[in-house]
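Participant: My questions all concern the structure below.
Please treat every number below as a calculation from the coordinates, not as lab data. Owing to the predicted nature of the structure, the values given are computational and were not obtained by experimental measurement. Glycine also receives a Cβ, built like all others from the backbone with ideal geometry; neighbour counts cover every protein chain displayed.
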Amino acid sequence: MCGINGILYLNNFNSSENESFHRSNIIKMNDAISHRGPDGDGVYINYPVSFGHRRLSIIDLSDNGSQPMFNEDSSVVLTYNGEIYNYRELIPDLLNKGHKFRSESDSEVILHSYEEYGIDCVNNFNGMWAFAIYDFKKNIFFASRDRFGVKPFYYYKNENEFIFSSEIKAILKVKNITDADRIKVYEYLAYGYRTTDGRTFFKDINELPPGTNLVISNSDFNFHKYWSFSETEDKIADAHDRLRELLYDSVRIRFRSDVPVSILLSGGMDSGIIAKITDELINSGDIPNSSVSAFSAVFPGYEFDESKEIDEILSCSRNLTGYKITPSGNDLTENLNDFIYGMGEPVFSTSSFAHYRLMQDIHKKDVKVVLNGQGSDEAWCGYGKYIAGYFLLDRLLSEPSDFFRQMSSISDKLKMTYTGLILQTIKAMTGRRKVSMIRSKKIEKTREVISDELYNESYLNFPDIKFNKSGGKNLSSYMKNNITFQGFGQILHYEDHSAMQSSVEIRSPFIDYRIMELAFSVGDKIKFDEGVTKKILRELFSQKLPSSITGNHRKIGFMTPFDVWLSEPKTVKTVFEILNSPSFNSKNIWKPDKINDIFKDKINYQSFPFWRFLNLEIWSQVYNIKNL
């Protein structure tokens, strides 16, 4: 895991500048993301390309794994961030084809794979990556991002230059960009969204979409989507056996590391599954560890504290040693500006801050790699409240005789009223823009405080996607859309940035593309049926985890006591300093007096997203945003 930077000049731009000019730019970019790679600092200059790299040494700790990395005759150069988990399986084929290795790193596997297979090499990779290659023989620039966008790749381009980095802040060191993308700001304030549409919160800075290759040749840009979910559903007869096999293999290969690997543990089933698999793989010798550390964020006394469940998981995972921290409101106020600057773009909730604080403590224990349970809910139907309407809509359209039985079971398991479920079904038939607007106006009440100017220029941008196909499969379509466009990307963004601020790598076994593809190759009822979410996972691990874990149908996500924090004196003081600042009150995107009143009347605005408005304001300050 590392940080990458680069500048590609087009149309002979800046060709007259000496090497020190190009080097100084890359050094500034490298310095801006030094936290992503404290173990090494690499720079390569050879016009028209300048590459930079910050190294976090995890596989092949020797200098042989340093980057930028070259092939044998230095005609191909690579800068890369990520992990190719199946790199060992790819080496024999490359050796048989005559390639010679001078390191034991997955980076060199990418280089030789490109030499052998060209840009199609990415189809062989199982992992997370963002990399750039320059091929001097072909005079082409090739960049790629992994299938789900786990690793970031931001860029700025004009007719003369293409500048890229793992983080936006590095691009800002060489390009003076102080304008926000106002549409992204609107969607965040109004709905809480950070959609995966190629745009960022910064005007003129974009991100390479997940599952996409970019080739630049003779100043021509060619974006190619090399992976997407299949539109057909291939029925898998042995889904349970196949999922079990893939889960254990996915955890096993994510323990490939030359430094110790730990796990993140909540009280939920997903991280509990990772913990249990890890425990069993240690027992079987498939993981060469004698024990593994498990880190948790807990909030004793809070309604959604998971301390008890965490202890129960640890009690049946004898090879794991647990460590707990409790982030506080004082932590938040003391670290607020650093946290928001580090995240690069606004984040959905203070759960991101709890994650950020947990990573800081993990770093202090000299841990570089952690596994988590991210991706299970999105692929295996974990969010019952949000998917129930789509599931019932499919029953209504394809199995109407099963509708009322399913609604009764869902109401019982998920504690949702019949009226609520009918409304969720109607919501499923309604366009996503309209649904978001209703929530903005009636529930969160953000429309009351967003200026008409921002609303009128922005609200039509969000696509009014509808999931009401007469033949069913609306649940599957909704979930795929959530993974590829709407919600999943913002989770991956905050996890990457909060972890890498502390030089910690996050690995997610459930985001293995084989597991993700399997999830959409099975029928809905294998995943969600009669109110049971993640049904197949509960069945697979019912005898391995405590029943309090596999039988718990309450899905709350990773919650922090932000409401409590907001009432603490130090937080109150900080909040009203923000609300009374000239920056906050001069913005034309909102109604500052109304927002101030709402912060004083929290009882009548319990669903108002207080954090989003605070986050957006501080973000605009720390990044010197001018056009809001």
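Participant: Going down the table (LYS434/LYS602; LYS570/LYS591; LYS276/LYS525; LYS175/LYS368; LYS175/LYS594), which pairs top 29 Å between alpha carbons?
Facilitator: Values: LYS434/LYS602 26 Å; LYS570/LYS591 25 Å; LYS276/LYS525 25 Å; LYS175/LYS368 31 Å; LYS175/LYS594 36 Å.
The answer is LYS175/LYS368; LYS175/LYS594.
Participant: State log₁₀ I(q)/I(0) for region 154-217 at q = 0.12, 0.15, 0.26 Å⁻¹ as given by the Debye formula over alpha-carbon point scatterers of equal weight, solvent excluded.
Facilitator: Reported log10 I(q)/I(0), two decimals: -0.32, -0.50, -1.21.
Participant: Using the structure shown, list the pairs from LYS157/LYS385; LYS97/LYS534; LYS173/LYS364; LYS364/LYS385 with a Cα-Cα distance above 32 Å, or answer none. Let's see the in-between values first.
Facilitator: On the way: LYS157/LYS385 41 Å; LYS97/LYS534 43 Å; LYS173/LYS364 28 Å; LYS364/LYS385 38 Å.
In this structure, LYS157/LYS385; LYS97/LYS534; LYS364/LYS385 lie more than 32 Å apart at Cα.
Participant: Assuming R0 = 22 Å, can you tell me the calculated FRET efficiency for the pair TYR341 and SER581, based on Cβ-Cβ distance, to the nearest 0.05?
Facilitator: Values: r = 17 Å, r/R0 = 0.76.
Efficiency at R0 = 22 Å is approximately 0.85.
Participant: Going by Cα centres, region 431-493 and region 293-346 are how many Å apart?
Facilitator: After rounding, the separation between the Cα centres reads 30 Å.
Participant: For LYS365, list the aspartates and glutamates whose Cα falls under 17 Å from its own Cα; do not include residues on the same chain fewer than 8 positions away.
Facilitator: ASP39, ASP258, GLU505
Participant: Can you give the helix-only mean residue ellipticity at 222 nm for the chain, where every DSSP H stretch with n ≥ 4 adds -39500 (n - 2.57) and the sum goes over all residues, rounded to the nearest 500 deg cm²/dmol? All intermediate terms of the calculation are to be shown ahead of the outcome.
Facilitator: On the way: 27 runs with 261 residues, N = 628.
Value at 222 nm, helices only, nearest 500: -12000 deg cm²/dmol.
Participant: Would you mind working out the magnitude of the charge dipole of region 385-482 relative to its Cα centre, with +1 at each Lys and Arg C-beta and -1 at each Asp and Glu C-beta, to the nearest 20 Debye? Can you show the working numbers first?
Facilitator: Numbers: 18 positive and 10 negative charges, 48 e Å.
In debye, rounded to 20, region 385-482 gives about 220.
Participant: Take every Cα pair under 8 Å in region 2-225 that's 6+ residues apart, average their separations, divide by the length, and report that relative contact order as a whole percent. Display every interim value, and only then the final one.
Facilitator: Values: 457 pairs, mean separation 45.8, N = 224.
The normalised contact order for region 2-225 reaches 20 percent.
Participant: Hull surface divided by four, with the convex hull built on the Cα atoms of region 562-622: how many nm²? Write out the running numbers ahead of the final one.
Facilitator: On the way: hull surface 16.3 nm².
Average projection, Cα convex hull of region 562-622: 4.1 nm².
Participant: Let me ask something additional. If you take the alpha carbon radius of gyration of region 2-225 and divide it by 2.2 N^0.38 Å, what ratio comes out, to two decimals? Mind showing how you got there, number by number?
Facilitator: Values: Rg = 17.1 Å, N = 224, 2.2 N^0.38 = 17.2 Å.
Cα-based Rg divided by the globular estimate yields 1.00.
Participant: Pairs LYS151/LYS535; LYS480/LYS573; LYS413/LYS445: which exceed 32 Å Cα-Cα?
Facilitator: From LYS151/LYS535; LYS480/LYS573; LYS413/LYS445, over 32 Å: LYS480/LYS573.
Participant: Given an 8 Å cut-off on Cα distances and at least 6 residues of separation, report the relative contact order of the chain as a percent.
Facilitator: On the way: 1125 pairs, mean separation 101.5, N = 628.
Worked out over the chain, it gives 16 percent.
Participant: Still on this model: Report the Cα centroid-to-centroid distance between region 125-161 and region 551-628 in angstrom, as an integer.
Facilitator: 36 Å
Participant: Shifting gears a bit: What do you get for Rg/Rh over region 128-252 if you use C-alpha atoms and the Kirkwood form of Rh? Don't jump to the answer; show the numbers that get you there.
Facilitator: Numbers: Rg = 18.3 Å, Rh = 17.1 Å.
Rg divided by Rh gives 1.07.
Participant: Name the residues of region 80-119 whose amide N is less than 19 Å from a point 7 angstrom out from the Cα of HIS224 along the C-beta direction?
Facilitator: Within reach of a label on HIS224: 110-119.
Participant: Which residue, TYR134, SER376, TYR513, has the largest displacement toward the positive end of the dipole of the chain when charges sit on each Cβ (Lys, Arg +1; Asp, Glu -1)?
Facilitator: SER376
Participant: For region 460-499, list log₁₀ I(q)/I(0) at each q in 0.20 Å⁻¹, using the Debye formula over Cα point scatterers of equal strength and ignoring solvent, two decimals each.
Facilitator: -0.69
Participant: Do any trypsin sites (Lys or Arg not before Pro) in region 321-392 lie in a loop, going by DSSP, with at most 14 other beta-carbon atoms within 10 Å of their beta carbon, and if so which?
Facilitator: Numbers: sites: LYS324, ARG357, LYS364, LYS365, LYS368, LYS385; in loops: LYS365, LYS368.
Here the sparse-neighbourhood loop sites are LYS365.
Participant: About the Cα centre of the chain, how large is the charge dipole given +1 on each Lys and Arg Cβ and -1 on each Asp and Glu Cβ? Please answer in debye to the nearest 20.
Facilitator: Working: 75 positive and 82 negative charges, 345 e Å.
For the chain, the charge dipole is close to 1660 debye.
Participant: A further question on this structure: Specify the inter-centroid distance of region 496-531 and region 70-108, based on alpha-carbon positions, in whole Å.
Facilitator: A separation of 27 Å, based on Cα centres.
Participant: Loop-only check: which trypsin sites (Lys or Arg not before Pro) in region 134-208 are DSSP coil with at most 12 other Cβ within 10 angstrom? Could the numbers behind the result be given before it?
Facilitator: Working: sites: LYS137, LYS138, ARG145, ARG147, LYS157, LYS169, LYS173, LYS175, ARG182, LYS184, ARG194, ARG199, LYS203; in loops: LYS137, LYS138, ARG147, LYS173, LYS175, ARG194, LYS203.
Hits after loop and neighbour filter: LYS137.
Participant: Related question: Answer with a single label: of (1) 25.6; (2) 26.3; (3) 30.8, which was calculated as Kirkwood radius over Cα pairs in Å from the structure in view?
Facilitator: Checking each listed value against the structure points to (1).
Participant: Whole percent per 5 Å bin, from 0 to the bin with the longest distance: what is P(r) over all C-alpha pairs of region 243-351?
Facilitator: 2, 11, 19, 17, 16, 14, 12, 7, 2, 0
Participant: OK, next. Which percent of the Cα-Cα distances in region 385-482 go past 18 Å? Intermediate values should be presented prior to the final figure.
Facilitator: Working: 2456 of 4753 pairs.
Across region 385-482, Cα pairs with separations above 18 Å total 52 percent.
Participant: Moving to a separate point now. Answer with one residue from SER62, SER458, PRO346: the one whose Cα lies farthest towards the positive end of the charge dipole of the chain, charges on Cβ with Lys, Arg +1 and Asp, Glu -1.
Facilitator: So the residue furthest toward the plus end is SER458.
Participant: Filter the chymotrypsin sites (Phe, Trp or Tyr not before Pro) in region 87-145 down to the DSSP loop ones having no more than 16 other Cβ atoms within 10 Å, then list what survives.
Facilitator: Values: sites: TYR87, PHE101, TYR114, TYR117, PHE125, TRP129, PHE131, TYR134, PHE136, PHE141, PHE142; in loops: PHE101, PHE125, PHE136.
Passing sites in region 87-145 are PHE101, PHE136.
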